[in-house]
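I'd like to ask you about the structure that follows.
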Amino acid sequence: MASSTSLSFFSSSIFLSSSHNRNPKTSISLTQPKLPLIISSQLATLPVLSFTGEKIGETFLDLKSAPPDTARAVVHRGLITDMQNKRRGTASTLTRAEVRGGGRKPYPQKKTGRARRGSMRSPLRPGGGVIFGPKPRDWSIKINRKEKRLAISTALASAAENTIVVEEFNGKFERPKTKEFIEAMKRWGLDPKVKSTFLMMEVSENVEKSSRNIGTLKMLTPRTLNLFDILDAETLVLTPSAVDFLNGRYGVEYEGEDEDEGEENEG
């Protein structure tokens, strides 16, 4: 799945190593002390749009992000962990010992002019067993909670330039209507044919039913927040409450214990 989908925000400058920007003619002193690899904060000002598409204010997104030299590796590790943990690992094949039949020798060993056959269920014959075939296994891998949170906050910080904030619109839809949701997206400057990811603290029933028929749209909540949908989207749409949640959970001042986060409850 990952090979057929282009991840848009990997082209962001935050994932480019600083080694690409170095001047080859610049000499570095051997006595110069090395700079520590610290986590920096990415501060971005985002416009706040009303339901009718008018700008009614501004807000900020202040998130932790990994240093440019390691940002790409941190996000890649978090993404691979998510995708590999989704594998069910139920693929199974039968070996020649497990295939039904084949107990009797098909023909005599000698005087037939044919190759020696001890069983009709040999892997070399149709209907036989499988050599080194897949068996049920656990594909899950572990990642540190702080590293996973850093990967999400780094991806969100890289998407800041393609992010808008829309006022709470759960109560704006009196009935489920996909056409009305598409018209609202156009007022916000969004193309329904381009991938968009909405992050809301709570999704009402009318909003969910109005948006579920739009194939390019993903509607996320804090429990379903994941790296792939963030990186796969061309535009990220937040609500003011979602901005407060991100600044509180993935900001530089967060020091609390982990709760039931979306990245740890996928599937």
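None of the figures in this text is laboratory data; all of them are computed from the coordinates on show. These numbers come from a predicted model, not from an experiment. In this analysis, Cβ positions are derived from the backbone assuming ideal geometry, glycine residues included, and neighbour counts consider all displayed protein chains.
Would you count, across region 66-170, every pair of lysines whose alpha carbons are under 27 angstrom apart, provided the pair is eight or more residues apart or spans two chains? If you can, show how the numbers build up before the last one.
Working: 86/135; 86/142; 86/146; 86/148.
Lysine pairs meeting the criterion: 4.
Post the alpha-carbon centroid distance, region 66-106 to region 144-160, in whole angstrom.
25
log10 I(q)/I(0), Debye, Cα-only region 174-257, no solvent, q = 0.11, 0.14, 0.21 Å⁻¹?
Here the Debye-derived log intensity ratios amount to -0.32, -0.51, -1.03.
Continuing with the same structure: Mind checking region 113-184 for trypsin sites (Lys or Arg not before Pro) that DSSP puts in a loop (not H, G, I, E or B) and that have at most 11 other Cβ atoms within 10 Å? Please report the intermediate quantities before stating the final value.
Values: sites: 114, 116, 117, 121, 137, 142, 145, 146, 148, 149, 172, 177, 179; in loops: 114, 116, 117, 121, 137, 142, 177.
Taking region 113-184 and a limit of 11 other Cβ atoms within 10 Å, the loop trypsin sites (Lys or Arg not before Pro) found are 114, 116, 137, 142.
For region 150-223, what is Rg from Cα atoms divided by 2.2 N^0.38 Å, rounded to two decimals?
Values: Rg = 12.7 Å, N = 74, 2.2 N^0.38 = 11.3 Å.
Working it through for region 150-223, the quotient is 1.13.
Show me the trypsin sites (Lys or Arg not before Pro) within region 77-107 that DSSP assigns to loop and that have at most 13 other Cβ atoms within 10 Å of their Cβ.
In loop regions of region 77-107 (DSSP not H, G, I, E or B), the sparsely surrounded trypsin sites (Lys or Arg not before Pro) are 87, 88, 100, 104.
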